[in-house]
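**Student:** Pasting in a structure now, in structure tokens, and then I'll have a few things to ask.
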Amino acid sequence: MKQIIAIFMFFIVLIAALIVNSASGSASDQGQIGEVEQVVITAPDSLELHSWLHKSSYEREAPLIVLLPMMAKTHDSYDQFISALNKYLENNPYAPMHPPHYLALDLRGHGMSQTNASEQIVYGDMTADDFAKVPADVALMIKSVVANKEIKIDLGEIYLIGASIGANSAAMVTELVDNIAKVVLLSPGDDYRGLKPTSALKAFGGKTLIFAAVEDRYSAQSSNNMALTKTERCKLELFGGHDHGTNIINNDPEAMSKLIEWLMR
């Protein structure tokens, strides 16, 4: 009889432990992912600009990482990056970065950022004058989020990550927004749809990381030109193949790891 009771008590304790572990794991996962809020603002030309704010699980001020997609892509092209950085921080609790806020945008003419008062604006029909508005759009979105005092942002740790047209825009945003600490350019171009980022990048006082693929020849040459122009506080990484923009980090685990490691410095 005592043996039966002992076995019964063992299973009660085991089941209780499993319930506690499951609840703890769920809370941890939920805290790591954080709440996602859609942010909508209106540009001066009445275009609705949409972004998605993944809020930090950290209770105090946390970094803000702004994510700018490449041509024809939307905010979700950075989902792999968000997942990879969250996983890194979860596995490295003493990393020098608190879980950040992520602000992932649909750029002008892309995704949900296509509607103004009178027409649809689609990237395939946009002119150089239309693309020239993108850096100001991004700056307006960042300032809107930073102005929201309910979102606890460490104003000394605002990072921009841009791909292709988003990379050129990210460099140019540094002239429009204060306190940008780091910029990551994935496959930038010397002149892409009229956006020329080199002078802004040269004047930028923060740290810069540039990624390009060697067979993506125009971007590789442009990246080398930019790195030569900005020899201080700038790191250039060239990868094999012909991947462009976010495809570099999404298709190459080494590239994703190098990006995350650089952000930790």
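We did not get these values from a lab; they are worked out from the coordinates using the rules stated. In this text, all values refer to a predicted model and were calculated from it rather than measured experimentally. No Cβ is skipped: glycine too gets one built from the backbone with ideal geometry, and neighbour counts run over all protein chains shown.
**Student:** Semi-axes, largest first, in whole Å: what does sqrt of 5 times each Cα gyration tensor eigenvalue give for the chain?
**Tutor:** 39, 22, 17
**Student:** What residues qualify as long-range amide H neighbours of residue 241, i.e. H under 5 Å apart, gap of 5 or more or another chain, H built at 1.01 Å from N?
**Tutor:** 214, 215
**Student:** Is there a pair in 149/202; 230/258; 152/230; 133/235 whose C-alpha atoms are over 30 Å apart, and which pairs would that be?
**Tutor:** Over 30 Å Cα-Cα: 149/202; 152/230.
**Student:** Another question about this same structure. Could you go through the stretch 213-220 in sequence order and give the Karplus-derived ³J(HN,Hα) for each residue, using 6.51 cos²θ - 1.76 cosθ + 1.60 with θ = phi - 60°, rounded to whole Hz, and x for Gly and Pro?
**Tutor:** 9, 5, 7, 8, 4, 4, 5, 4
**Student:** A further question on this structure: Counting only residues 5 or more places away or on other chains, whose amide H sits under 5 Å from the amide H of residue 39 once H atoms are built in the peptide plane?
**Tutor:** Under 5 Å from the amide H of residue 39: 51, 52, 53.
**Student:** From the backbone phi of the stretch 221-237, what are the Karplus-calculated ³J(HN,Hα) couplings (6.51 cos²θ - 1.76 cosθ + 1.60, θ = phi - 60°) in whole Hz, Gly and Pro given as x?
**Tutor:** 5, 4, 4, 5, 4, 5, 5, 5, 5, 10, 6, 9, 6, 9, 10, 10, 10
**Student:** While we're looking at this one, here's another question. For residue 42 paired with residue 127, estimate the spin-label separation in nm (one decimal), with each label point 7 Å from Cα along the Cα-to-Cβ line.
**Tutor:** The modelled label-to-label distance comes out at 2.4 nm.
**Student:** For the pair residue 221 and residue 83, how long in nm is the line joining their label points, each one 7 Å along Cα→Cβ?
**Tutor:** If labels sit at residue 221 and residue 83, their model points lie 3.7 nm apart.
**Student:** So what is the 222 nm mean residue ellipticity for the chain from helices alone, if each DSSP H run of at least 4 adds -39500 (n - 2.57) and you divide by all residues, rounding to the nearest 500 deg cm²/dmol?
**Tutor:** -12500 deg cm²/dmol
**Student:** Between residue 231 and residue 72, what is the FRET efficiency for a Förster distance of 25 Å, r being their Cβ-Cβ separation, to the nearest 0.05?
**Tutor:** 0.15
**Student:** Taking a temperature of 20 °C and a viscosity of 1.002 mPa s, what whole-number D in µm²/s does Stokes-Einstein yield for the stretch 38-183 with Rh from Kirkwood over alpha carbon pairs?
**Tutor:** 138
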